[in-house]
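Here is the structure we will look at.
The values are calculated or read from the model by the stated rules, or taken from the named source; none is laboratory data. In this text the structure is predicted, and so the values were computed from the model without any measurement. Heads up, the Cβs are rebuilt from the backbone with ideal geometry, glycines too, and the neighbour counts pull from every protein chain shown. Note: accessible area is taken over every heavy atom of the protein model, side chains too, but ligands, DNA and RNA are not part of it. Shrake-Rupley method; radii C 1.70, N 1.55, O 1.52, S 1.80 Å.
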Amino acid sequence: MNTGEALLPPRVPHPGGSDRPPPAALVALLARADVQFNGPRPWDIQVRHPRLYHRLMAQWSLGAGEAYMDGDWDCERLDELFTHLMRADLDRAAPGWSRWLLAAHSLRYRLFNLQSLARAFEVGRRHYDVGNDVFEAMLDSRLIYSCGYWERATTLEQAQVDKLDLICRKLQLQPGDRLLDIGCGWGGLVRHAAEHYGVSATGITVSREQLALAQQRCAGLPVDLRLMDYRQVQGRYDKIASVGMFEHVGTKNYPAYLDRVLQLLSADGLFLLHTIGSDLTCTATDPWIDRYVFPNGKLPSARELSQALEGRFLIEDWHNFGPDYDRTLMAWAARFEAAWPQLAGHYDERFHRRWRYYLLCCAGFFRSRQGQLWQLVLSRRERAQTYRSVRLAPA
């Protein structure tokens, strides 16, 4: 499923300064993914500056992303390029000296708790506070910054409404329930749950920009929004949701995170965990994503998640709809490109290329099936009721 074919302008011939032949090792490596330098296909890499080759050999994925931001190369269909690369697992096959960079990057994740309380607000400052105007242009009207549910939707707006309703139905929300949303973003879920299911809701975020706008959007509803890390939450809740936040918790903190949810959740309550997952257990996240998009992030694998849950929660339901994230990201990318003429007065071209690269490489990640999207419904052992899995019926 490919959308957004017209995201980028047509390719132009590469300038004469990029005529230096690429290293044979890089040519052979890319050939494993059916990718060429200056080839004729939409997913081929068009070289604008020959220093690209050195940057790839020395830094691989980090070098590729930085070189794209600097204009050293272009590609008509970045999403298809990354689909090819990741289907061939080339993102995990770094050449030359770049292997040492990746080894050092992984060692950093092994040695340090990069998602400690002291670091918890860094991703808020560096990503979610980038500017509400970017997210308002890119996202749906409710500002839902997580995977839509496209079972019966034909638009981004409907996919996000369906996702919110799917979460509420999976949680079996009832009037009077106390709902906690860990990582509430701009308040889309708590607002939907309060308006349509009669709950009182608490939402926490590590982003000041998100909090300010969420408070405006939830005014007049029984919704309490706070700038807070999950380790600081107190109280007792009937239902808890965490949507697109677990990616910032980090492997070293999975036990503490889940123990905190256990303390907050009533004995017969339900906890919905919505997270991106990786097909393989990896020590660290991609170096470019770590530096320029989601600092200190870490995607769980199914093994890591199930090990952390064991002895804490029972898994009532595990729902995978990873391909829906491809479609969501392509919709975001199309909206971002359409809005760029209005955004360009506030952001430079390097930001433009960085954001485009982020959205489309992530689309390729999910299209390649390396990326998964999981919704788990979890309960405490004390819960006596039988849980029946919930899905939305096709249109």
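Values as computed for the structure displayed
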read-out	value
In segment 56-80, the residues that are modelled with pLDDT of 95 or more and either of a type in the set (Lys, Arg) or part of a loop (DSSP other than H, G, I, E, B) (or both)	Asp70, Gly71, Asp72, Cys75, Glu76, Arg77
Hey, Gly220 among the small types (Gly, Ala, Ser), under 29 Å from Ala308 (Cα atoms), surrounded by fewer than 17 Cβ atoms within 10 Å (Cβ to Cβ) and free of Cβ contacts under 8 Å to residues at least 60 places away in the same chain or not	no
Some residue of segment 30-41 being closer than 16 Å to Asp91 by Cα, assigned to a loop (DSSP other than H, G, I, E, B) and without any contact (Cβ under 8 Å) to a residue 40 or more places away in the chain	yes
Residue selected from segment 31-55 under the condition touching a helix residue (DSSP H, G or I) at 6+ places or on another chain (Cβ under 8 Å) and of a type in the set (A, V, I, L, M, F, W, C), by the criterion nearest to Gly364 (Cα to Cα)	Trp43
Filter result for Ala267 (at pLDDT 95 or above, within 27 Å of Arg391 (Cα to Cα), in contact with a Pro (Cβ under 7 Å, 6 or more places away or on another chain) and surrounded by fewer than 22 Cβ atoms within 10 Å (Cβ to Cβ))	no
Lone unmet requirement of (1) within 11 Å of Ile182 (Cβ to Cβ); (2) surrounded by fewer than 16 Cβ atoms within 10 Å (Cβ to Cβ) for Arg291	(1)
Lone unmet requirement of (1) part of a helix (DSSP H, G or I); (2) of a type outside the set (D, E, K, R); (3) touching a residue at least 24 places away in the same chain (Cβ under 8 Å); (4) crowded, with 21+ Cβ neighbours inside 10 Å for Cys147	(1)
Entirely in segment 253-362, the helices (runs of 4 or more DSSP H) that have 3 or more residues that are under 21 Å from Trp60 (Cα atoms) and not hydrophobic (A, V, I, L, M, F, W, C)	287-292
Arg169 being over 19 Å from the mean Cα position of the chain (by Cα), closer than 22 Å to Asp317 by Cα and not in a helix (DSSP H, G or I)	no
Identity of the residue in segment 3-49, polar (S, T, N, Q) and touching a Lys or Arg at 6+ places or on another chain (Cβ under 8 Å), that ends up modelled with the lowest pLDDT	Thr3
Checking Asn253 against (1) surrounded by fewer than 21 Cβ atoms within 10 Å (Cβ to Cβ); (2) at pLDDT below 95, the condition it does not meet	(1)
Complete set of residues in segment 291-348 that are closer than 18 Å to Ala159 by Cβ and of a type in the set (S, T, N, Q)	Asn320, Thr328
Close pairs (9 angstrom Cβ cut-off, 6 or more residues apart or separate chains): of a type in the set (Asp, Glu) in segment 151-165, open to solvent by less than 70 Å² (accessible area, probe 1.4 Å) and modelled with pLDDT under 95 anywhere	Glu151/Leu392; Glu151/Ala393; Asp162/Leu392; Asp165/Leu392
